[in-house]
Amino acid sequence: MKNLIEKIKTLKEEKNAIVLAHSYQNIEIDEIADFVGDSLYLSKQAEKTNADIIVFAGVYFMAQTAKIISPSKKVLLPNLHAGCLMADMINHEQMVNFKKNYPDTPVVCYINSTAEVKAECDICCTSSNALDIVKSLNTNRVLFVPDANLGRWVEKQLKDVEVITYDGNCPVHHAVKVEDIELARKKYPNAKMLIHPECKPEVSALGDYVGSTSGIIDYVKKSHDKQFVIVTEKGVFDRLKRDYPDREFILIKDDMLCESMKLTTLEEIWHALEYEVNEITLDEDIRLRSYNCIDRMLKVPV
Ligand code: 13P
Ligand code: SF4
């Protein structure tokens, strides 16, 4: 493995490439990653970088977002099977039909979606800025696709905005039940409960903190507490355990695993970079329309 890590590092230098890795990736990928974080943070890195090649250790919509933002860069996805179950729940036709019923209502699109879907929306959001994005629209009604849980959570926080949601979700987070949280509270009464907003809103309502993967990691960084229950994908739990050995972390359920996120290996990263394969390409019209949606998000001050 050491040899492989060295080979990737050398290739990155030779080819002026960077590796962006989501915090749900297999933890050994951090060894060669230039930036590790949540989807908003990684999008911003894709926007800023001077690299010629971006290798995206994440899922398809993330690499596609990097290409939308940075069209002149070569964006590679080491494993093309790394999709997102939530993004697959809405296609272009379903998107068009959904918004047809609500003319003149702004459409907010969670970043976990395809470029074709984003192209039909007014503004994008991620789990870390969804509240600010909806607020920035200054309206009392929005459509929200595809994550019904995040949309309903935003509605609960804002009170005076009606959020009409599409019926999509992340099966990994959607499976967490109120009883799981209640049981963990009983077992670990002093622990802080840190929850990703892709969980059902009734689950999120029980959290001490609700936020994106980077938000959860930052919460631990700033906290003086010693024990935390992690209610998101296992990659976040693995990184927290590695980085804070003096604290205790409990993963809410053993099966908090996004199989797509775990597909990417160091071997595949090396292969993609060495041969410059698995490049993300986009129809320019779709790219431009989906870019407007993302660019509008990136311009909202948070
Ligand atoms: P973040 O915005 O927290 O990175 O979440 C992305 C994701 O896919 C969570 O399931
Ligand atoms: Fe998609 Fe869920 Fe995996 Fe995130 S955890 S990439 S929403 S399937």
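Readers should treat all values here as calculations from the given coordinates under stated rules, not as data from a laboratory. In this text the structure is predicted, and so the values were computed from the model without any measurement. Counting neighbours? That spans all protein chains shown, and the Cβs are built from the backbone with ideal geometry, glycine included.
Segment 156-173 and segment 26-55 have Cα centres lying 28 Å from one another. Computed over neighbours whose Cβ is under 12 Å from that of residue 283, the net charge equals 0, Lys and Arg +1, Asp and Glu -1.
Comparing 275, 60, 110 in a Gaussian network model of the chain, where Cα atoms under 10 Å apart are tied by springs, the biggest mean-square fluctuation is seen for 275. Full extension of the chain segment joining residue 93 with residue 135 gains 12.4 nm, where the gain is 0.36 nm per residue of separation less the Cα-Cα distance.
With a cut-off of 13 Å between beta carbons, the residues surrounding residue 57 carry a summed charge of -4, where Lys and Arg count +1 and Asp and Glu -1.
For the chain, just say rounded, prolate or oblate: build the C-alpha gyration tensor, square-root its eigenvalues into a ≥ b ≥ c, call rounded for a/c under 1.5, and beyond that prolate if a/b exceeds b/c, oblate if not. It comes out oblate by the Cα gyration axes.
Shape of segment 138-193 from the C-alpha gyration tensor: oblate (a/c of 1.5 or more and a/b not above b/c, with a ≥ b ≥ c the square roots of its eigenvalues). Modelled spin labels at residue 250 and residue 48, positioned 7 Å past Cα toward Cβ, are 3.7 nm from each other.
Each of the peptides 279-292, 259-272 was scored by the mean count of other Cβ atoms within 10 Å over its residues; in descending order, highest first, they stand as 259-272, 279-292. For segment 235-270, the residues whose backbone nitrogen is under 14 Å from a point 7 Å from the Cα of residue 27, taken along Cα to Cβ, are 235-251. Once the Cα-Cα distance is subtracted from the 0.36 nm per residue extended length, the residue 267 to residue 72 segment shows a gain of 67.6 nm. By its C-alpha gyration tensor, with a ≥ b ≥ c as the square roots of the eigenvalues, how is segment 85-186 shaped: rounded for a/c under 1.5, else prolate for a/b larger than b/c, else oblate? Because a/c hits 1.5 or more and a/b fails to exceed b/c, segment 85-186 counts as oblate. By the count of neighbouring beta-carbon atoms within 10 Å, fewest first, 255, 52 end up ordered 255, 52. Full extension of the segment from residue 285 to residue 159, taken as 0.36 nm per residue of separation minus the current Cα-Cα distance, would add 41.7 nm. Projected label points at residue 175 and residue 242, each 7 Å from Cα along the beta carbon direction, are separated by 2.3 nanometres.
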